[in-house]
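Structure first, commentary second.
Each value in this text was obtained by applying a stated rule to the coordinates, not by laboratory testing. Since this is a predicted model, take the numbers as computed values, not measurements. Counting neighbours? That spans all protein chains shown, and the Cβs are built from the backbone with ideal geometry, glycine included.
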Amino acid sequence: TPNGISISKSESVNVLHTKIWNYYFNEYGNVSFNLRAVDIERREYVYMEPEKKISDYFDKSPAEISIHILVEEA
């Protein structure tokens, strides 16, 4: 976890959002942001709905261990 955030793909997007917000609060304050799943091959960014699971946005058996999520200021 290079940025200090670790989470299971079975967790909700909202749990990830909260972890990111808590981790970076001292650096960025009370900034609103959205999360987008990144599909590197298709060069697409998909808005991640808070109530869905992180795994809903990625292949069930990804070729790589890490996944890419864009944090975008709202």
Review point. Each residue of the stretch 47-52 in turn: what ³J(HN,Hα) in whole Hz from Karplus with 6.51, -1.76, 1.60 and θ = phi - 60°, glycine and Pro shown as x?
Key: 4, 9, 6, x, 7, 7
**Study point:** Cα long-axis angle, helix 13-28 against the chain (0 to 90 degrees, to the nearest 10)
**Key:** 40 degrees
**Study point:** Sequence of HIS68, HIS17 once ranked by neighbouring C-beta atoms within 10 Å, starting from the fewest
**Key:** HIS68, HIS17
Check your understanding: Using alpha-carbon pairs under 8 Å, 6+ residues apart, how would you state the relative contact order of the chain in percent?
Key -> 39 percent
Check your understanding: Given VAL31, SER55, TYR45, which one lies farthest toward the positive end of the charge dipole of the stretch 13-73, if we put +1 on the Cβ of every Lys and Arg and -1 on the Cβ of every Asp and Glu?
Key -> SER55
Check your understanding: Which value, in debye to the nearest 20, gives the size of the charge dipole of the stretch 13-74 about its Cα centre, when Lys and Arg are +1 and Asp and Glu are -1 at the Cβ?
Key -> 120 debye
Review point. How do SER6, SER55 rank when sorted from fewest to most other Cβ atoms within 10 Å of their own Cβ?
Key: SER6, SER55
Study note, to complete from the structure: Simple SL model, points at 7 angstrom along Cα→Cβ for VAL15 and ASN30; separation in nm is 2.7 nm
Exercise for review: Counting other beta carbons within 10 Å of each Cβ, put GLU41, GLU51 in order, fewest first.
Suggested key: GLU41, GLU51
